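The values are calculated or read from the model by the stated rules, or taken from the named source; none is laboratory data. Being a predicted model, the structure only gives us computed values, none of them experimental. When we count neighbours, we look across all protein chains shown, and the Cβ atoms used for this are built from the backbone with ideal geometry, even at glycine.
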Amino acid sequence: MSDDAESADQLNSSRESGAVIAGRYQIQREIGRGGMATVYLARDIRHDREVALKFIHAEVADGQATERFRREIALLARLQHPHILPLYDSGEWQGALFYVMPFIAGETLRGRIKREGRLPVDEAIRLAREVADALAYAHARDIIHRDIKPENILLSEGHALVGDFGIAHAVSRAGARRLTDAGFAIGTISYMSPEQGSADPIDGRSDLYSLGCVVYEMLSGKVPFSGPTALAILAQRFGEPAASIRQKRPEVPPAVDAAVLKALAPVPANRFQNMTAFASALGSAERASSGTSGRPKIALLWRWTAAVVGLGALAALFFAFKPAPLDPDLYVVLPFVHRANAAPQLLDGDNCQQLLYEAFGRWNGITLVDDMRAHDARARVNAAPLSLKDALRTARSLRAGRMAWGEVWQARGDIAVRGLIYDVRTEKPVKQYTVTLRSDLGDAERRFDELADTLLVPVAASGRATLPASAEGVRGSRSIPALTTYFRAHEALAAWKLDSAEALFREAIDLDPDYPHANYWLAQVMSWRGDADPAEWQPAAQRAVAKASRLSMRDSTLAAALLDMSEGRFSDACAKYEHLRSTRDSLDFTVWYGLGDCRARDTVVVRSASSPSGYKFRSGYESAIRAYTKALTLVPSSHLAFAGIGFERLSVRLFTQSNQVRSGAVDGDSAVWAAFPSLANDTLAFVPYPLAQITVGTVPRPRSTAAAIARNRALLERLASEWTQEFPRSSAAFEALAHSLEIEGRITGSGAPNSSALAALDRARSLATDRADVLRLGVMRTRLLVMTGDFAGARTLADSILGAAAVVTPAEGDVLKALAALTGRVSRTVELQRVEAPSARFLSPANHIVQPPVPVAESALTMLGYVSLGTSADSIEAAKQRVERTVVSYVGIDNREAVREAVLNIPLTLAYPIVPALSLQRAGGNGDYLLDIQRAAAKHDSASVHEQLRAVGRLRALDRPGELSIYLTYQEAWLLLQVGDTAAATRQLDASLTALPALGPYVLDYVQDAAFLVRAMALRSDLAASANDARTAEHWATAVSQLWSGADAPLQDVVTRMRSRASSGAH
């Protein structure tokens, strides 16, 4: 007997029934054996659960390959996706490598096809898109499956789960040449791409080809290529293309057939270039087919993470047609109920949830579902109060094996709280305890600590959880008003009312400045709002970190990460978030969103020999977007935070605007670098160059910028669509969908809310109840009507909204001011502008934010209103003099010039067509490219004007028509007119006016955009009339007449001229 054979016999005997592997897994029996591994059914002693234990054969991974295999498995174990089954554990036992997954027996896609032959078309498409989504996620992490086939796709509750994910990748990376020597094939011939079968280098498009084969088989019942030998099958791939599926099944929509055949192109360059594109093509085909068939669409309401399948054909041995297993070590704390439906005065069920969650957080070894995910899951249950049945269902949706729940009631002069721990699998309580609190809550935290400690006695007795000594003593606040205010802040936070939550956390801190929890949460909410510089949350983060011993380990780490970000240590912050993600909870919303933030905010530019510019951003933005997306998918109720202006911030975070650049700087250098987005293998990339080079047009915009923006817009739409599915009664979700469809240019359409922005918006308006929401959505509909050319309808709706809002708050004034400008109400525009004066901030030419005294802001905003609407030169000059006087009266001499430049810069820039000499008095700076062009135009230097405008045009070469702010379009057209180039001015105006749907959401966000839109229409009508183009002159004159039909007196000259032209069709 050889040494190898003897060693194998010894190893096999060590794996007999009853053997304990690595001190944790007790083997019950062998359940499968294949070319790369042997699979055993085992019991996980630590967690008392059945698992599939797989040993890699020695001839596959030994010697130097072992350590590489471990590293690859470690990477694969981090895959967390709803349609990927992740690894539980891996290790080495007696020289053999193993890995662990849940034991799940049941049906694969292969079994389904074998039983039914062909799947319904809509189901096949949906399953394909789910698999494509999982593969896109893996490809973004440089992991290729290599063996996509029906045997490796589990069907559970009607959804697809990709199994055997990347094990072949790990083995091949660990020792690819030795696999070939040993006679192992990575992949399956019937589904293998031509390049994979030829042993050529492969990328994600190889998996795409394999998935195309699977989709083909789901729809037709046959693989696209077959033959007597492997070589015969491979040869067919390079010969004739696959036969049309419709030849075998005519009811398959042509678009689906075309998408699958494109995926099966022999040459990778002729396929879809990534999984996202393939999934989108299938999705478009699915929408088209469902629109004609009348069959209901299947909503994706499924959210759970499952477990890993085995190797190759062994997968069927341990697949199960049942939900993902519960994690017995995962606890979720849910809102308590009120006995007799009456809550005590100072403590309700939500407060009990928060206090118990924080008390549990003191313990090491206890894994908690993060509070934002728990709030999100609770929000999806319509029942109130939460019944036991609802609570258990909520816990299962989060895969929590343990649920903390209970009740609270008034007990004479005190408050009684009963807490219970439930085993979610058996639905039985395993521990319960009751505590009594003083009615003034003076001992609330101490009693909830007692409740938590008693409920955790069983797990503490097992040694799996410990209470650090630092957890003793005061945790939160001794101030009862601070504590109750803190409760109210969390109630606002649970509803994603971030403004209210921030204000209440500040109030709690005012009552107790050392309250660590309130300080941590203030910093956290400020970071989520996204409109504050990180330095602004630094004091709160510092106070939280200073009292870190009174916070849970999770919260203290999160506070430290926020402090790192506030002080510019983004890499350190990312390391802390990554530590929490990998060691505590991979499904923590706060952690994933923090990872997105630290990566997105890290704008340090470093040298890179591989970059075309010689430099790169230290942090990749693609990883930031993926982290944000992960967070927003984990907690879809977070969409409530992105209503109104919040959506604009989200849109910017996800880089969906074509005029966005990513800016940064080299450490120790003040020079600004910038980069336009581009795509590299479906990955968002930024190549930084000095901003000065970009500004003058030396560096062209990448050709893939438009594709990058389109990809991100599609991602945003997908997120919003999922939110509407998860929360079908949420006005905010449909508002987000309307915004996402709008920026994709899909404004009009009929049918389902996801068919067009107007349809989604109408659904949002039908669900809105809050006055602010109703107002904002009405303004949005006005904007969409303008974009579709329904100017009369837009004016009618605007009149109705303005008439119903006689008295407004500053927030409402901010929403309504552009509506007043759109309809020519000069006085109302100025009035609404002045309402926001107390909070108005201006940007100085030196790029500094200035918040002037209220009288100064009022006078500057008044001037901006007059300038935007094009009132007389006398009124503009008088308004400018008022600004000068208020600056002298209210601003100290040291700051006077800076404030003056800041508040006058934009009004003077826009005043050029009416008072050019006054306009040229401004200082310029802060991206004011118009100043030099205006100076050239004032000198009638036509060559200089044209050259400068051509340079600006080169920067916009890849923008969609209409994406330039309309007030800049007007200014540039006026400059061209001033140097006699009427034809160029006409082209400039037409580029925007004939592409109204592309103007974007800013048209009714700012007074200058709304006002100059109508002025641009009037100017275009005048130019057409001068050119004897009666049709165009009449068209735009009619638009102006309809929008400004009720305009104030200063605009009546324009209105009269336009009405005359509209009615006569002449000049």
Output for region 727-752, where each listed residue is outside any helix (DSSP H, G or I), under 17 Å from the mean Cα position of the chain (by Cα) and closer than 24 Å to W496 by Cα: F727
Count of region 25-41 residues which are touching a residue at least 24 places away in the same chain (Cβ under 8 Å) and either closer than 30 Å to I366 by Cα or among the aromatic types (F, W, Y) (or both): 4
Which numbered condition A185 misses (of (1) closer than 21 Å to A263 by Cβ; (2) modelled with pLDDT under 70): (1)
Residue check for T829: farther than 24 Å from R900 by Cα, at pLDDT 90 or above and polar (S, T, N, Q): no
Test: R425 is among the charged types (D, E, K, R), without any contact (Cβ under 8 Å) to a residue 60 or more places away in the chain and surrounded by fewer than 19 Cβ atoms within 10 Å (Cβ to Cβ): no
Listing of helices (runs of 4 or more DSSP H) fully contained in region 214-305 that carry 2 or more residues being at pLDDT 85 or above and in contact with a helix residue (DSSP H, G or I) (Cβ under 9 Å, 6 or more places away or on another chain): 245-248, 254-263, 275-293
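Matching residues to (1) in a helix (DSSP H, G or I); (2) under 21 Å from L1019 (Cα atoms):
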position	(1), (2)
I876	yes, yes
E884	yes, no
V899	yes, no
V903	yes, no
L908	yes, yes
L918	yes, no
Q921	no, no
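Being over 25 Å from the mean Cα position of the chain (by Cα), surrounded by fewer than 17 Cβ atoms within 10 Å (Cβ to Cβ) and either charged (D, E, K, R) or on the phi < 0 side of the Ramachandran plot (or both): is that true of S755 here? Break it down stepwise before answering.
Values: over 25 Å from the mean Cα position of the chain (by Cα): no; surrounded by fewer than 17 Cβ atoms within 10 Å (Cβ to Cβ): yes; either charged (D, E, K, R) or on the phi < 0 side of the Ramachandran plot (or both): yes.
Against the criterion (over 25 Å from the mean Cα position of the chain (by Cα), surrounded by fewer than 17 Cβ atoms within 10 Å (Cβ to Cβ) and either charged (D, E, K, R) or on the phi < 0 side of the Ramachandran plot (or both)), S755 does not qualify.
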Single unsatisfied condition, P1001 versus (1) within 31 Å of the chain's Cα centre (by Cα); (2) without any contact (Cβ under 8 Å) to a residue 12 or more places away in the chain: (2)
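Does any residue of region 686-694 turn out to be out of contact with any Phe, Trp or Tyr (no Cβ under 7 Å at 6 or more places or on another chain) and aromatic (F, W, Y)? Talk me through it step by step, then tell me what you get.
Restricting attention to region 686-694, the residues satisfying the condition of being out of contact with any Phe, Trp or Tyr (no Cβ under 7 Å at 6 or more places or on another chain) are 687, 692-694.
Subset that is aromatic (F, W, Y): none.
Checking region 686-694: not a single residue is out of contact with any Phe, Trp or Tyr (no Cβ under 7 Å at 6 or more places or on another chain) and aromatic (F, W, Y).
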Selection status of T769, of a type in the set (S, T, Y), modelled with pLDDT of 90 or more and buried (at least 20 other Cβ atoms within 10 Å of the Cβ): no
Number of the condition not met by A984 [criteria: (1) over 14 Å from R1020 (Cβ atoms); (2) modelled with pLDDT of 90 or more]: (1)
Failed item in (1) surrounded by fewer than 20 Cβ atoms within 10 Å (Cβ to Cβ); (2) without any contact (Cβ under 8 Å) to a residue 60 or more places away in the chain, with V666 passing the rest: (2)
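So that you can scan it fast, the table gives a plain yes or no per residue for (1) in contact (Cβ under 8 Å) with a residue 40 or more places away in the chain; (2) aromatic (F, W, Y); (3) not assigned by TED's automatic domain parsing to the domain that holds R662:
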| residue | (1), (2), (3) |
| --- | --- |
| W537 | no, yes, yes |
| Q542 | no, no, yes |
| S571 | yes, no, yes |
| D588 | yes, no, yes |
| G594 | yes, no, yes |
| S608 | no, no, no |
| S613 | yes, no, no |
| A631 | yes, no, no |
| L634 | yes, no, no |
Of residues in region 633-648 being farther than 14 Å from S730 by Cβ and of a type in the set (A, V, I, L, M, F, W, C), the one surrounded by the most Cβ atoms within 10 Å (Cβ to Cβ): L634
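Pick from E744, E722, E735: which is modelled with pLDDT under 90, surrounded by 20 or more Cβ atoms within 10 Å (Cβ to Cβ) and not β-branched (V, I, T)?
E722
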Helices (runs of 4 or more DSSP H) (entirely within region 409-522) containing at least 2 residues that are touching a strand residue (DSSP E or B) at 6+ places or on another chain (Cβ under 8 Å) and at pLDDT below 90: 444-455, 457-461
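Yes/no matrix, rows are residues, columns are (1) surrounded by fewer than 24 Cβ atoms within 10 Å (Cβ to Cβ); (2) within 23 Å of T829 (Cβ to Cβ):
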| residue | (1), (2) |
| --- | --- |
| R1020 | no, yes |
| R1031 | yes, no |
| E1034 | yes, no |
| A1039 | no, yes |
| Q1042 | yes, yes |
| S1045 | yes, yes |
| D1048 | yes, yes |
| V1054 | yes, yes |
| R1059 | yes, yes |
Residue list for region 588-641, filter: in contact with a helix residue (DSSP H, G or I) (Cβ under 6 Å, 6 or more places away or on another chain) and not in a helix (DSSP H, G or I): D602, S619, V635
